[in-house]
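Here the structure is laid out as structure tokens; the discussion comes afterwards.
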Amino acid sequence: SHSWQRLATAIRTARTPINLRPDEMHLWKVVQQSLANQHAEFNTKRRLLERKLQESTESLDLTTKGTKALEQTIQSLERELHQARSAQFKLREEMRRSETLAL
């Protein structure tokens, strides 16, 4: 029990212990390697998630810009359509007037 307490203390402090027996030292090294592996794996996953978040944010920015550009294009086309209808209406009115004058 006492050796497990020493080992647990060594693991918690993460310092290389000097008062451990060889079998305890072996266990300490195994645990430290495991922790190092888990830490590296965590960092790899974190970087991957950060990259995905960045890509998603950039994609969303492009989508937002694209949507705004599309809305502006639609508004512009609606204005042009309104102007064309207005011009068509005026042209019909002029044609009616000229027909009336021809009679």
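Scan segment 32-53 residue by residue and report those that are open to solvent by 100 Å² or more (accessible area, probe 1.4 Å) and more than 30 Å from Ala8 (Cβ to Cβ). Across segment 32-53, the qualifying residues are Arg47, Leu49, Arg51, Lys52, Leu53. Filtering segment 84-91 for residues that are of a type outside the set (Gly, Ala, Ser) and not in a helix (DSSP H, G or I) leaves an empty set.
The values are calculated or read from the model by the stated rules, or taken from the named source; none is laboratory data. Everything numeric here is computed off the predicted structure, so don't read it as measured data. For neighbour counting, all protein chains shown are included, and Cβ atoms are generated from backbone atoms with ideal geometry for every residue, glycine included. These accessible areas exclude ligands, DNA and RNA; they are computed on the full protein's heavy atoms, side chains included. Shrake-Rupley method; radii C 1.70, N 1.55, O 1.52, S 1.80 Å.
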